[in-house]
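As structure tokens, the structure follows; a few thoughts come after it.
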Amino acid sequence: MRKHGCDSEWIREALETYGSSLTRYAHSLVGDLDQARDIVQETFLALCNQDPQSVRGHLAEWLFRVCRNRAMDARRRKGRMYDLTEIPNETEGFESLPSKILEKKEAIEQVEKALEELPAHQQEVLLLKFQHDLSYKEIAKVTGLSVTNVGFLIHRGVAGLRRRLQSDALPLGSQVRRVK
């Protein structure tokens, strides 16, 4: 008996739509790009065994949840925790003006540095929201948190990033309090 449409068009469309985002997400969780690719492959193999009707309407959250679970299993097996901000540099390999690439890279590095200072659960929900464009409801299903908690973590995380980035942008003299 054939599995649920493993070679069907909807699997190919899902791979095209979510493959690179899932790889970046898995990489941010396990810290190893090859392992992340293996995790994504396992995720899509699991999708092949699903009835398309069982995931229709919530495919993104299903894929991210399975990917997250497999990445967490891999981390537990390895016994090591990785930084959530190890994101592949998307400017590599692009031909563009060197100064614009350098500016973008510096801005990304500032945000990554500020992100590293946030608690891990805030880092994860921010990455799912802003890098992978998931809704609060989808993030809640991926992480197992309530939608309210996701909203709170995103709010706190954005506020924390804003504070850190603003304090980094202040000139040295403005960081010193005046004494009367």
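Using the structure shown, decide if residue 128 is modelled with pLDDT under 85, at negative phi and of a type outside the set (Lys, Arg). Steps first, please.
On the way: modelled with pLDDT under 85: no; at negative phi: yes; of a type outside the set (Lys, Arg): yes.
The answer is no for residue 128.
Residue 133 falls short on exactly one of the conditions (1) modelled with pLDDT under 80; (2) loosely packed, with under 14 Cβ neighbours inside 10 Å; (3) outside any helix (DSSP H, G or I), and that condition is (1). Whenever a residue of the stretch 40-66 is assigned by TED's automatic domain parsing to the domain that holds residue 28, its partners that are acidic (Asp, Glu), lying with C-beta atoms within less than 6 angstrom and at least six residues away or across chains, give the pairs 60/138; 61/138. Counting only residues that are among the basic types (Lys, Arg) and part of a loop (DSSP other than H, G, I, E, B), which one in the stretch 42-82 is farthest from residue 26 (Cα to Cα)? Selected residue: 56.
Kindly indicate whether any position in the stretch 93-104 is at pLDDT below 80, in a loop (DSSP other than H, G, I, E, B) and of a type in the set (A, V, I, L, M).
Residues of the stretch 93-104 at pLDDT below 80: 93-104.
The next check asks that each one be in a loop (DSSP other than H, G, I, E, B); those that pass are 93-97.
Narrowing further to those that are of a type in the set (A, V, I, L, M): 97.
Scanning the stretch 93-104, I find at least one residue that is at pLDDT below 80, in a loop (DSSP other than H, G, I, E, B) and of a type in the set (A, V, I, L, M), so the answer is yes.
Of all residues in the stretch 125-136, none that is free of Cβ contacts under 8 Å to residues at least 12 places away in the same chain has its Cβ atom under 7 Å from the Cβ atom of a residue that is surrounded by 14 or more Cβ atoms within 10 Å (Cβ to Cβ) and β-branched (Val, Ile, Thr), 6 or more apart or on another chain.
The values are calculated or read from the model by the stated rules, or taken from the named source; none is laboratory data. Quick caveat, the model's predicted, so the values are computed rather than measured. As a convention, Cβ positions derive from the backbone with ideal geometry for all residues, glycine included, and neighbour counts pool all protein chains shown.
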